[in-house]
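Notes to accompany the following structure.
The values are calculated or read from the model by the stated rules, or taken from the named source; none is laboratory data. Note that the structure is a prediction, hence the values are computed from the model and not measured. A quick note on method: Cβ atoms are made from the backbone with ideal geometry, for glycine too, and the neighbour counts reach across all protein chains shown. The area values use the complete protein model at the heavy-atom level, side chains included, leaving out ligands, DNA and RNA. Shrake-Rupley method; radii C 1.70, N 1.55, O 1.52, S 1.80 Å.
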Amino acid sequence: LRYLTAGESHGLALTVIVEGMVAGLSIKAEDIDEQLARRQKGHGRGGRMAIEKDRAAILSGIRGGRTLGGPICLQIENRDWKNWSAIMAAGEEADLTERRVTQPRPGHADLAGAIKYDQRDIRNILERSSARETAARVAAGALARRLLAEVGIRICSHVTAIGDAAASGGPIDRTEKEWADLAARAEQSPVRCVEAELEQAMIAAIDQAKAGGDSLGGIVELAVLGMPVGVGSHVQGDRRLDGRIAGAMMSLQAIKGVEIGLGFEAALRPGSQVHDEIHYVPEKGYGRNTNRAGGIEGGISNGAPVVIRIAMKPIPTLYKPLMTVDIDSRSPVAASVERSDACAVPAAAVVAEAILALVIADSLLETTGGDTIEQVKARVAAMREQALRF
Ligand code: FMN
């Protein structure tokens, strides 16, 4: 399962092509739009979210509500294209002077990208480096989520820190049921936080940053529930599930750290307090009392919830800008301001869920093979059965 996105932040539309999806999977436009709406929520989002009520048009690969096995093409229109069509036009008529950007923002792709592609208008870089692109990834992820749902796998997330408003204590072992309850509560929170007091502290921190023209990052914890044993492999580095998850998470704009299970904390503890003891219960098979490994051992899912934490840096666009250098005059100036969020950690959580769904679906399909959803379901049932009777 692979995908490619295209589209500029203020272009006509974003497009994504998803290749390798099995046939016969039921998909409704609402399945995709529901995920797009989740991405647009969250305390601290800027003005754009009011303009953009994202909807995906299904251009190919689905007929009568079911996938055909061919590439699925989804398109999300940019609602403010009408305000940008003269500037972003593909033809020579495009107005290249009106919204030219010459003052690169520290922390964004602006300067490195402009030098690399030799662009004297930084707009030619920021239009694509913008996280608007993540809407396309969320749409693709919605397809992967549907596939996973058919075999009893679901992905959830919550926010554990925004700036220094952070949950105390390290990662906690949770059962599948506890994760599911937590995810349901996170869905009700404007910052996807499940602790009432902390939620208020996060909201206050965002408001304070916004008032000061500043921005905040944070930490998101994600879990994959219902994983069968045996997704991913120890036999080759590029087939390790943990490696693929880490790479995919770092591919999300502004993510600067990834942990699986205990993560960095594991380095500080002796082995006896890191590894999860194995037990056997006749009707349930093998299991653990703890999940410090975060559901992956040797690059293979071990049947426990896959637990991941990602660190998002603060958004680079600051309404009270940092100093930079104008690429025309080469003089010091304040960095440019493009309409921006003060904090997008709750939105990043939803995008990370989508990216995680795509990685899990890809690795799962590699393990199961199959051209139809029924074949995948039968194979996953056989994997679960094998783990039980082993
Ligand atoms: N950066 C901004 O400057 N303004 C934004 O409004 C903004 N919104 C974002 C929303 C989401 C959901 C995510 C994941 C990131 C957002 N970013 C925003 C971060 C930038 O896209 C990112 O920092 C930039 O592309 C540079 O990449 P890097 O931080 O990975 O080095």
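TYR280 passes all but one of (1) of a type outside the set (S, T, N, Q); (2) within 26 Å of LEU182 (Cα to Cα); (3) out of contact with any helix residue (DSSP H, G or I) (no Cβ under 8 Å at 6 or more places or on another chain); which number fails?
Only one criterion in (1) of a type outside the set (S, T, N, Q); (2) within 26 Å of LEU182 (Cα to Cα); (3) out of contact with any helix residue (DSSP H, G or I) (no Cβ under 8 Å at 6 or more places or on another chain) is unmet by TYR280, namely (2).
Out of GLY213, GLY170, GLY218, I need the residue that is modelled with pLDDT under 95 and more than 20 Å from GLY369 (Cα to Cα). Which one? I'd like the intermediate steps shown before the answer.
Details: GLY213 fails: modelled with pLDDT under 95; GLY218 fails: modelled with pLDDT under 95.
Within the list GLY213, GLY170, GLY218, the selection yields GLY170.
Write out, first by first residue and then by second, each pair whose Cβ atoms fall under 7 Å of each other, whose residues are 6+ apart or on separate chains, and whose first residue, in region 262-279, is among the charged types (D, E, K, R) while the second is open to solvent by 80 Å² or more (accessible area, probe 1.4 Å).
Final answer for the pair search is GLU277/ASN289.
For residues that are free of Cβ contacts under 8 Å to residues at least 24 places away in the same chain and either buried (at least 22 other Cβ atoms within 10 Å of the Cβ) or within 12 Å of the ligand (Cβ to nearest atom) (or both), tally how many sit in region 209-231.
Just the residues of region 209-231 that are free of Cβ contacts under 8 Å to residues at least 24 places away in the same chain, to begin with: 211.
Filter once more, keeping what is either buried (at least 22 other Cβ atoms within 10 Å of the Cβ) or within 12 Å of the ligand (Cβ to nearest atom) (or both): none.
Residues meeting the conditions: 0.
Every residue in region 248-289 that is within 16 Å of the ligand (Cβ to nearest atom) and loosely packed, with under 14 Cβ neighbours inside 10 Å, please.
Filtering region 248-289 for residues within 16 Å of the ligand (Cβ to nearest atom) gives 248-258.
Listed by number, the residues that qualify are MET250, SER251, LYS256.
Please enumerate the residues belonging to region 129-153 that are within 16 Å of the ligand (Cβ to nearest atom), of a type outside the set (Gly, Ala, Ser) and open to solvent by 10 Å² or more (accessible area, probe 1.4 Å).
ARG132, GLU133, ARG137
Could you tell me whether any residue of region 13-27 is within 16 Å of the ligand (Cβ to nearest atom) and of a type in the set (D, E, K, R)?
no
Name the residues in region 73-102 that are open to solvent by less than 30 Å² (accessible area, probe 1.4 Å) and touching a Phe, Trp or Tyr at 6+ places or on another chain (Cβ under 9 Å), would you?
Answer for region 73-102, where residues must be open to solvent by less than 30 Å² (accessible area, probe 1.4 Å) and touching a Phe, Trp or Tyr at 6+ places or on another chain (Cβ under 9 Å): just ASN78.
Within region 157-193, which residues are of a type in the set (A, V, I, L, M) and either assigned to a helix (DSSP H, G or I) or in contact with a strand residue (DSSP E or B) (Cβ under 9 Å, 6 or more places away or on another chain) (or both)?
In the first step, residues of region 157-193 are kept if they are of a type in the set (A, V, I, L, M); the result is 159, 161-162, 165-167, 172, 180, 182-184, 186, 191.
The answer is VAL159, ALA161, ILE162, ALA165, ALA166, ALA167, ALA180, LEU182, ALA183, ALA184, ALA186, VAL191.
Report, ordered by the first and then the second residue, all pairs with beta carbons closer than 6 Å, sequence separation of six or more or different chains, a first member in region 307-327 that is of a type in the set (Lys, Arg), and a second member that is near the ligand (Cβ under 10 Å from one of its atoms).
LYS313/GLY217; LYS313/ALA254; LYS313/LYS256
Can you tell me which condition HIS234 does not meet? The list is (1) open to solvent by 50 Å² or more (accessible area, probe 1.4 Å); (2) within 16 Å of the ligand (Cβ to nearest atom), and all the others hold.
Among (1) open to solvent by 50 Å² or more (accessible area, probe 1.4 Å); (2) within 16 Å of the ligand (Cβ to nearest atom), HIS234 violates only (2).
So PRO106 clears everything in (1) part of a helix (DSSP H, G or I); (2) open to solvent by 20 Å² or more (accessible area, probe 1.4 Å); (3) not aliphatic (A, V, I, L, M) except one condition, right? Which one?
Condition (1) is where PRO106 drops out.
If you scan region 51-98, which residues turn out to be over 30 Å from LEU1 (Cβ atoms), part of a loop (DSSP other than H, G, I, E, B) and within 16 Å of the ligand (Cβ to nearest atom)?
ASP80
State whether the residues of region 74-87 include one that is hydrophobic (A, V, I, L, M, F, W, C) and under 24 Å from ALA352 (Cβ atoms). I'd like the intermediate steps shown before the answer.
The first filter runs over region 74-87 and keeps only residues hydrophobic (A, V, I, L, M, F, W, C), leaving 74, 76, 81, 84, 86-87.
Of the ones still in play, those that are also under 24 Å from ALA352 (Cβ atoms) are 74, 76.
The answer is yes, given that some residue of region 74-87 is hydrophobic (A, V, I, L, M, F, W, C) and under 24 Å from ALA352 (Cβ atoms).
Can you confirm whether region 353-374 contains a residue that is of a type in the set (A, V, I, L, M) and in contact with a Ser or Thr (Cβ under 6 Å, 6 or more places away or on another chain)?
The initial filter retains those residues of region 353-374 that are of a type in the set (A, V, I, L, M), namely 354-361, 364-365, 373.
From the residues that got through so far, the ones that are in contact with a Ser or Thr (Cβ under 6 Å, 6 or more places away or on another chain) too are none.
Within region 353-374, not a single residue is of a type in the set (A, V, I, L, M) and in contact with a Ser or Thr (Cβ under 6 Å, 6 or more places away or on another chain).
Wholly within region 290-355, which strands (runs of 3 or more DSSP E) include no fewer than the required count, namely at least 2 residues that are surrounded by 19 or more Cβ atoms within 10 Å (Cβ to Cβ) and more than 16 Å from the ligand (Cβ to nearest atom)? Please lay out each step first, then the result.
Working: elements: 306-312, 323-325, 332-334.
Where strands (runs of 3 or more DSSP E) fall fully within region 290-355 and carry at least 2 residues being surrounded by 19 or more Cβ atoms within 10 Å (Cβ to Cβ) and more than 16 Å from the ligand (Cβ to nearest atom), they are 306-312.
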